[in-house]
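Taking it in order: structure first as structure tokens, then the write-up.
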Amino acid sequence: MELSIQDYAFLDAFDNLGSFTIDEHGKNKLNLFVLNINANEFNLKRLEELLIDPMIDYSLSRSVREQYKNKPATLTKKAKEKFIDYVNNKGELGELLLYCFLETHLKAPKILSKLELKTSTSLNVNGADGVHFLKLENGNYQLIFGESKTIASLTDALTDALKSIDEFKGEVNYKGNKKSGLPYEKSLISDHLGKETFTKEEKDFISKIVYPKKENDFEVDDAFGIFIGYEITIDEKDKKLQNEDFRKKVQKQIKEEVTNKFAHIRKKIDEFQLYGHNFYLYILPLTELDKNRKAIIRGLQS
């Protein structure tokens, strides 16, 4: 039995600059995306348009979506109400983008998102930014916990993401909070199943992934999906280039910036002893990161 992934046009907002293996065993994948460029500018409006549909599925539980399936305007309104005020929160866009990349590029269906658990727009929920699962070619599965960071420095963002994962999976309570960490996250999934509109077959299937049993005919390993949004600086004189020349130069700059961080990623995985896990990294550069992050969220809320 399989849960279906959502069929969004989300990836049409980007050019994929490559999928890279960043370790010798081929376990960890880094996927580098850049927004479509229009007239020597990143096309933020196109991204806004293509985030509307996934925002609904990311923000609202299946039961709520089923309840309002014949009232699309109400459904959109309820999804927007779930978003924390864009000025006061830096995580929301990264969490949404991570969900979209895992769902559309990795083909890993969502089980639970952090935003579904928020009872009001002023409430933050600790823990993973989302939980997905992935069926592997060998028939086994991975339970994928999400972590997103939108920080200007690419090095700082990568470091913070891997440090957060180390704290999250550690035996010590995550950041002193008893209601977080891998065991608590899995208990949230179990609690969530009873409130959702999953069929009995779907609930049984998810339970087998979250709490594997000896009679399972597959193995399950915990893995992590990471979204990194960082700030790229483009030289003013480059903005005067011919459109095609601008695209080539900016994309070359981005690829060099990111590939130069592969050694840093490997170093941090070793430092935190995270090498038993698979990582799926999604990296996206933005100009004027804070300003444009707020502008995109403001556009989604309008």
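Laboratory data are not the source of any read-out in this text; all were calculated from the coordinates shown. All values reported here derive from a predicted model rather than from experimental measurement. Positions of Cβ are backbone-derived with ideal geometry, glycine not excepted, and every protein chain shown enters the neighbour counts.
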### Message
Over the chain, with a Gaussian network built from C-alpha contacts below 10 Å, which listed residue (GLU167, GLU185, GLU256) shows the highest mean-square fluctuation?
### Response
GLU256
## Note on the structure
Per 10 angstrom bin, beginning at 0 and ending with the bin that holds the maximum distance, the Cα pairs of region 216-293 fall in percents of 14, 35, 27, 15, 7, 2
#### Entry: Sorted largest first, extent of region 1-63 alpha carbons per principal axis (Å)
45, 43, 15
### Task
Read phi for every residue in region 135-145 and hand back ³J(HN,Hα) as whole Hz from Karplus 6.51 cos²θ - 1.76 cosθ + 1.60, θ = phi - 60°, with x for Gly and Pro.
8, 8, 4, 7, x, 7, 10, 10, 9, 9, 9
### Message
Within 13 Å, Cβ to Cβ, of ARG46, how many net charges do the neighbouring residues add up to if Lys/Arg are +1 and Asp/Glu are -1?
### Response
-4
### Net charge of Cβ neighbours under 14 Å - reference LYS252; Lys, Arg +1; Asp, Glu -1
-3
### Message
Helix 92-104 against the longest principal axis of the chain: what's the angle in degrees, Cα atoms only, rounded to the nearest 10?
### Response
80
### Task
Quick one: compute the contact order of the chain, relative version, from alpha carbon pairs under 8 angstrom and 6+ residues apart, as a percent.
25
### Message
In whole Hz and in residue order, list the ³J(HN,Hα) couplings for region 214-219 that follow from phi through the Karplus curve 6.51 cos²θ - 1.76 cosθ + 1.60, θ = phi - 60°; x for Gly and Pro.
### Response
4, 7, 4, 9, 8, 9
### Query
What value does the chain have for Rg/Rh, both radii from Cα atoms and Rh as Kirkwood defines it?
0.96
## Note on the structure
Surrounding charge for PHE145, neighbours by C-beta under 13 angstrom, Lys/Arg +1, Asp/Glu -1, total -4
### Query
Between the helical axis of 243-259 and the dominant principal axis of the chain, each derived from Cα atoms, what acute angle in degrees is found, rounded to the nearest 10?
50
### Query
Sorted from fewest to most neighbouring beta carbons within 10 Å, what does the list SER63, SER302, SER164 look like?
SER302, SER63, SER164
### Query
What residue among GLU48, GLU288, GLU236 has the largest mean-square fluctuation in a Gaussian network model of the chain, using Cα springs under 10 Å?
GLU236
### Query
Mind checking the dipole of region 10-301: about its Cα centre, +1 per Lys or Arg Cβ, -1 per Asp or Glu Cβ, Debye to the nearest 20?
680
## Note on the structure
For the chain, longest principal axis from Cα atoms; helix 262-271 axis from its Cα atoms; angle between them, nearest 10 degrees, is 40
#### Entry: Karplus-derived 3J(HN,Hα), 6.51/-1.76/1.60, for each residue of region 163-168, Hz, glycine and proline x
5, 4, 5, 4, 5, 4
